[in-house]
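First comes the structure, then the notes that go with it.
The values are calculated or read from the model by the stated rules, or taken from the named source; none is laboratory data. What you see is a predicted model; the values in this text were computed from it and never measured. Every residue, glycine among them, receives a Cβ derived from its backbone with ideal geometry; neighbour counts consider all protein chains shown. Just the protein is used for accessible areas: all its heavy atoms, side chains included, with ligands, DNA and RNA removed. Shrake-Rupley method; radii C 1.70, N 1.55, O 1.52, S 1.80 Å.
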Amino acid sequence: MDVFLMEVDENEILNYITEKYSEWRKPVSKDWTFQEHFNLVTDELGEMLIDLFTRYGISYDNFNLDNYFEPELPWWWFRLRRQYKNKVYKPLTVEMIIESAKAGRWLYD
């Protein structure tokens with residue numbers, strides 16, 4: 001399968017994420033993980049990622065949020081919550097967004 005790299009301004013992506021999503025406008029770095037550096041619940045992170053995918057033309061058909069974040073479940077689903085308790089989630093970095101923007105599609109999973 002061919003991967004065609006688009007010209008992407010990494011600094012523009014970093015600045016956009018800093019302005020729109022970083023607490024106290026702390027400059028975002030490529031090695032930041034969404035799990036550690038963004039204080040958002042899973043639904044808000046999902047909205048943030050859809051915004052980034054759309055803004056930078058990233059096809060995300062094969063992106064699976066469950067690989068990176070624990071789903072939000074109501075407390076009464078405690079049995080289902082237990083199965084997620086020990087799951088190891090993959091790190092999701094800003095660099096992954098940048099590299100996928102260059103390719104025009106989600107490169108991971």
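Quick look at the numbers
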quantity	calculated
Computed [θ] at 222 nm, deg cm²/dmol, the chain (DSSP H ≥ 4; -39,500 (n - 2.57); rounded to nearest 500)	-12500 deg cm²/dmol
Mean separation of Cα contacts under 8 Å, 6 or more apart, over the residue count of the chain: relative contact order %	40 percent
Contour excess over end-to-end distance, with Cα ends at residue 26 and residue 55 and 0.36 nm allotted per residue	8.3 nm
When the range 24-77 is reduced to its Cα atoms, the Kirkwood hydrodynamic radius in Å	12.9 Å
Calculated FRET value between residue 107 and residue 79, using beta carbons and R₀ = 22 Å, to 0.05	0.05
Between 0 and 90°, nearest 10: helix 42-55 axis offset from the chain longest Cα axis	20 degrees
Hydrodynamic radius (Kirkwood) for the chain, which is based on Cα pairs only, to one decimal in Å	15.0 Å
For the range 1-72: accessible area per residue (Å², 1.4 Å)	67 Å²
Degrees between helix 94-103 axis and first principal axis of the chain (Cα, 0 to 90, nearest 10)	50 degrees
